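*Asks:* I have a structure here, written as structure tokens, and I will follow up with some questions on it.
The values are calculated or read from the model by the stated rules, or taken from the named source; none is laboratory data. Everything quoted here is computed from the prediction, not taken from an experiment. Cβ sites come from the backbone with ideal geometry, for glycine too, and all protein chains shown count toward neighbours. Heavy atoms of the whole protein, side chains included, go into the accessibility calculation; ligands, DNA and RNA do not. Shrake-Rupley method; radii C 1.70, N 1.55, O 1.52, S 1.80 Å.
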Amino acid sequence: MKITLKDGSFKEYEEGRSIIEIAGDISEGLARAACAGLVNGKVEDLRTVLTEDCELSILTARDKEGLTVVRHTASTGYEACLSGSEAGDRAQH
């Protein structure tokens, strides 16, 4: 499969690869900073395995879409913590 990157370069793979694996092939630093991938214009999780030709942008918190992903993830985690705290408070009383 041929993965076309946002700068016009491309990576070719014989087997499916996750977005995070492709980010790591590009650069270890990019893989550490990555928060999502933009696949053919659609935001996808880093664990998404790509199996066919596509256009890919690796998103970081510096990208508008990447920042949106980071904020959503943080708010979901915060809500989960609050829900857990409230459940724990009720169990103690």
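*Asks:* Could you list, in sequence order, the residues of region 51-68 that are touching a Lys or Arg at 6+ places or on another chain (Cβ under 6 Å) and of a type in the set (S, T, N, Q)?
*Replies:* Within region 51-68, just Ser57 meets the criteria.
*Asks:* May I ask you to list the residues in region 20-62 that are open to solvent by 70 Å² or more (accessible area, probe 1.4 Å), assigned to a helix (DSSP H, G or I) and out of contact with any strand residue (DSSP E or B) (no Cβ under 9 Å at 6 or more places or on another chain)?
*Replies:* Passing the criteria: Glu28, Arg32.
*Asks:* Another question about this same structure. Could you tell me which of the residues Ile22, Ile26 is at pLDDT 80 or above, closer than 18 Å to Met1 by Cβ, β-branched (Val, Ile, Thr) and under 13 Å from the mean Cα position of the chain (by Cα)?
*Replies:* Ile22
*Asks:* A further question follows. Which condition from (1) in contact with a helix residue (DSSP H, G or I) (Cβ under 7 Å, 6 or more places away or on another chain); (2) modelled with pLDDT of 95 or more is the one that Glu12 breaks?
*Replies:* If we test Glu12 against (1) in contact with a helix residue (DSSP H, G or I) (Cβ under 7 Å, 6 or more places away or on another chain); (2) modelled with pLDDT of 95 or more, just (1) comes out false.
*Asks:* Just name the residue that is surrounded by the most Cβ atoms within 10 Å (Cβ to Cβ) out of those in region 7-19 that are within 16 Å of the chain's Cα centre (by Cα) and either of a type in the set (S, T, N, Q) or within 19 Å of Val69 (Cα to Cα) (or both). First the steps, then the outcome.
*Replies:* Here is the first cut: in region 7-19, the ones within 16 Å of the chain's Cα centre (by Cα) are 17-19.
Right, trim to either of a type in the set (S, T, N, Q) or within 19 Å of Val69 (Cα to Cα) (or both) and you get 18-19.
Values: Ser18: 16, Ile19: 25.
Per the criteria, the residue is Ile19.
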